[in-house]
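In what follows, a single structure is set out as structure tokens and then discussed.
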Amino acid sequence: MHGPASPGWLLVALCAATGAYCLLRMRSTVEEQRRAAGGEALMGFGMAVMAVPAAVAVPPRAVWVTYAVVFGGAAVRALWEARRGAHHLHHLIGACAMVYMAAAMAASHGHHTHGGVSLLTGTLLLYFTVYVLWSGVRLVPAVAVAAAGVVPGPGWGDRPELARACRLSMAIAMLAMLLTL
């Protein structure tokens, strides 16, 4: 993505750490946790790679097209899974945002243009801003319960407050990436 190198590397680290934790969540005993964690791990690692500062490496157009195809597949899977619950709609929007950013990068061939914010970019920025605020509010009670010593589940993969924190950090990262688009 375009933008300064230092924040870009911080974004890479945040997304990679989130993806790694989501891989740990795939070991959960709760099937729905495992199912959601796989898509979130893909999103975290995909965002980490996409966030590598353009000053370091500008991938060829074929890489961005591959990204669009991979996240297009993730969007189709999220659409299929959405019939089970609303959370998968968030995965669908995230995957579509990744397709959109990959397509924009493929079209720009790595050159940043200052043509203003498109309607789609603005809509995605609004969605992820609302999601960040909503997730942050939902996280506060979960952290308070965990601080009180009530931890739901024995393992790292079954900690809903950590899963929410990961989703929140990925949404913040998505906002940062959309802003640099």
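Nothing in this text is a laboratory measurement; each read-out follows from the coordinates by a stated rule. Remember, predicted model here, so these are calculated numbers, not experimental data. All Cβ positions, glycine included, derive from the backbone under ideal geometry; neighbour counts span all protein chains shown.
In this simple spin-label approximation, Leu179 and Val65 carry label points 7 Å from Cα along the Cα→Cβ vector, and these lie 3.3 nm apart. Report note on the peptides 12-24, 121-133: ranked by the mean count of other C-beta atoms within 10 Å, highest first, their order is 12-24, 121-133.
Between Trp80 and Leu133, residue separation times 0.36 nm minus the direct Cα-Cα distance comes to 16.4 nm. Extending 7 Å from Cα along the Cβ direction at Leu89 and again at Ala20 yields two label points whose distance is 3.4 nm.
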